[in-house]
Amino acid sequence: MISAQDALQKLREGNARFVSGSNFQGEPENHSHQFKSIQQQEPSAIILGCSDSRVPPELIFDQGIGDLFVARVAGNIVTPAQTGSIEFAAEKFGSRLVVVLGHTMCGAIRATLDELANPAPSRTGNLHSIVEAIRPCLSPLIKVSPQAGEDPAMREAMCENVRFSVQQLQQQSALLRKHIDSKGMEILGAEYCVATGVVNFLEPTAG
């Protein structure tokens with residue numbers, strides 16, 4: 001299995017191809033997403049991403065079948081199921097890089113900011129659970145940024161939520177902590193810009 005840094009470089013290069021459009025060039029048989037049967041998988045990275053239809057990790061990182069182990073949920077929040085999926089991939093496949101991938105124009109972030117400003121009792125319990133998972137890291141932002149609807153505040157809220165998820169994975173999973181301490185695993189945050197296609201990796205968060 002490749003190292004976390006090599007896996008990160010692979011994602012950076014893939015995103016650069018995606019932004020430039022070069023991943024769509026060439027003969028069909030050379031297309032990275034052409035179907036191929038893979039009996040065993042060795043994903044180089046694990047992605048915890050948002051369910052938003054505009055943010056498919058395999059495409060924005062220009063990776064093929066078997067290259068990424070992806071768990072997606074609205075707001076890229078950390079739940080027991082998401083954590084368990086990541087732990088499974090780390091143990092089963094030896095993947096050394098975990099990326100929590102947030103994005104601009106995130107509906108879950110918008111809904112949470114709206115809820116903090118004007119609570120909506122009509123929201124279903126299941127939808128409310130997503131807001132409640134994001135709320136703790138965004139509440140301080142509302143106090144210092146009353147105009148939370150503006151784009152800079154939305155981006156700040158999205159990045160804060162990504163960092164919060166990274167911290168939860170680092171601190172709440174003894175198994176992932178073991179992989180970090182003894183196997184060189186890295187858990188990083190990243191932001192995807194829906195308008196440009198560019199992924200920026202955030203500075204590492206202390207565990």
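What to note about this one:
- Per residue, the average separation of C-alpha pairs within less than 8 Å and at least 6 apart gives the chain a relative contact order of 24 percent.
- Only beta bridges with both residues in the chain are counted; by DSSP, about 15 percent of them are antiparallel.
- The angle between the Cα long axis of helix 4-20 and the main principal axis of the chain comes to about 80°, on a 0 to 90 degree scale.
- Taking the chain as a Gaussian network of alpha-carbon nodes connected by springs under 10 Å, the highest mean-square fluctuation of the residues Asn15, Asn76, Asn126 belongs to Asn126.
- For segment 45-98, the square roots of the Cα gyration tensor eigenvalues, ordered a ≥ b ≥ c, give a/c of at least 1.5 with a/b no greater than b/c, which places it in the oblate category.
- A helix-only calculation puts the chain at -15500 deg cm²/dmol for mean residue ellipticity at 222 nm, using -39500 (n - 2.57) for each DSSP H run of at least four residues, averaged over all residues.
- With at most 15 neighbouring Cβ atoms within 10 Å, loop trypsin sites (Lys or Arg not before Pro) (DSSP) excluded, longest segment of the chain: 124-207
Where a number appears in this text, it was derived from the coordinates with a stated rule and is not lab data. Remember, predicted model here, so these are calculated numbers, not experimental data. FYI the Cβ positions are ideal-geometry reconstructions off the backbone, even for glycines, and counts take in every protein chain you see.
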